[in-house]
1. For region 259-279, enumerate the residues that are out of contact with any Gly (no Cβ under 7 Å at 6 or more places or on another chain) and modelled with pLDDT under 85.
2. Taking region 130-153, which residues are outside any loop (DSSP other than H, G, I, E, B) and at pLDDT below 80?
3. Given the structure, is His230 part of a loop (DSSP other than H, G, I, E, B), surrounded by 18 or more Cβ atoms within 10 Å (Cβ to Cβ) and more than 20 Å from the chain's Cα centre (by Cα)?
4. Among the residues of region 156-176, count how many are in a loop (DSSP other than H, G, I, E, B) and modelled with pLDDT under 80.
5. Listed residues Asp207, Asp196; which is in a loop (DSSP other than H, G, I, E, B) and of a type in the set (Asp, Glu)?
6. Determine which single condition Cys246 fails, assuming it passes every other condition in (1) surrounded by fewer than 18 Cβ atoms within 10 Å (Cβ to Cβ); (2) in contact (Cβ under 8 Å) with a residue 24 or more places away in the chain; (3) part of a helix (DSSP H, G or I).
7. Could you look through region 107-129, keep only residues that are modelled with pLDDT under 75 and of a type outside the set (D, E, K, R), and pick out the one that is surrounded by the most Cβ atoms within 10 Å (Cβ to Cβ)?
8. For region 206-243, give me each residue that is in contact (Cβ under 8 Å) with a residue 24 or more places away in the chain and farther than 27 Å from Cys177 by Cα.
Amino acid sequence: MLLNNLINIIYFLLILIKIINSQYCLNNEYKEEVCENHLPIDVCLTIFGSRKNNEKRPKLCENSYLQNEALLCAKHCYQCCERQEHSCPDLRKNCFKRRRDGICWENIEEKINECPGTCGLCGRKKWKWNENWMCKDTNWECSDMESFCLFDERVRLLCPKTCQKFWSIDIGFEKPCELERKLYEFRFEKPPEEEDCTDTRNDCFNDIFFCEMPNYFYKLKDECPKTCAHCKPKGHKCFDKNNKKCIEWQSHKHRPFCYNHKNTKGIKFHYCAKTCNLC
């Protein structure tokens, strides 16, 4: 009897936390800008529609049968802080403004202690790859496509978390999420010096924005290691191509150049290696 009462109390507390957290999301004026959708916006619009004038979020976002999809469309559904990585409070003021200035990517250990909710660092102790947190499916239909995991690379790229359970070391393809881990670590590493850091093509710069795309990562690492900043030549002198411009770009209020995820490491290294601390 005592055990049943204890279970009921715990269940009630979990529900209460969920309700409080949901209200916090709706009252937070910056809620929709804290995270990104994990699904394309057109998919989110197809599933949930748009928010009506009198609604705090699209009505279907509150449908109990669509909560997994709602979290994948958290920005569209105004549910960023209901994601696990955003579900804890910030410990200082102005975290949202500071995030827009790029602070989430500076001195990560400090931000874990100051602005974990806004920066999506709840439960983290240090800035390193954490498979439980970062290995995620990017398609809401992954559970229906798991039978394709063993023979369709596209499904493995879309659904790495789902496909992990079918993987073994002798299966013949890379462990799902291993590519995501390599990409993640690559973005934060400074290019190492190498004696033979050269591209094998003359037109690598044309593909510099593809360097960190999963479908091209390995191919361009082999063909364009210098352009993609997988390495730098021995004795390379670190400098900005235009220091004044780099400082101006980095001081952009909403998209600081060095912290803008749309700029590949190759772009940052090519134009602003010193400012972006890639030396």
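The values are calculated or read from the model by the stated rules, or taken from the named source; none is laboratory data. Since the model is a prediction, treat every value here as computed from it, not as a measurement. As a convention, Cβ positions derive from the backbone with ideal geometry for all residues, glycine included, and neighbour counts pool all protein chains shown.
1. Going residue by residue through region 259-279, those that are out of contact with any Gly (no Cβ under 7 Å at 6 or more places or on another chain) are 260-279.
Of everything in region 259-279, those that are out of contact with any Gly (no Cβ under 7 Å at 6 or more places or on another chain) and modelled with pLDDT under 85 turn out to be Asn260, His261, Lys262, Cys279.
2. So in region 130-153, the residues outside any loop (DSSP other than H, G, I, E, B) come out as 131-134, 142-148, 153.
Across region 130-153, the qualifying residues are Glu131, Asn132, Trp133, Met134, Glu153.
3. On the way: part of a loop (DSSP other than H, G, I, E, B): yes; surrounded by 18 or more Cβ atoms within 10 Å (Cβ to Cβ): yes; more than 20 Å from the chain's Cα centre (by Cα): yes.
Yes; evaluated as a whole, the condition is true for this residue.
4. Initially, region 156-176 is screened for residues in a loop (DSSP other than H, G, I, E, B), giving 159, 167-176.
Keeping just the survivors that are modelled with pLDDT under 80 gives 167-176.
Total meeting the criteria: 10.
5. Details: Asp207 fails: in a loop (DSSP other than H, G, I, E, B).
Of Asp207, Asp196, the one residue that is in a loop (DSSP other than H, G, I, E, B) and of a type in the set (Asp, Glu) is Asp196.
6. It fails just one condition, (1).
7. First pass over region 107-129, keeping only residues modelled with pLDDT under 75: 107-112, 123-129.
Pick out the ones that are also of a type outside the set (D, E, K, R) and you get 107-108, 112, 123, 127, 129.
On the way: Asn107: 11, Ile108: 16, Ile112: 18, Gly123: 13, Trp127: 14, Trp129: 15.
Filtering region 107-129 for residues that are modelled with pLDDT under 75 and of a type outside the set (D, E, K, R), the one surrounded by the most Cβ atoms within 10 Å (Cβ to Cβ) comes out as Ile112.
8. Residues satisfying the conditions are Pro233, Lys234, Gly235, His236, Cys238, Phe239, Asp240, Lys241, Asn242, Asn243.
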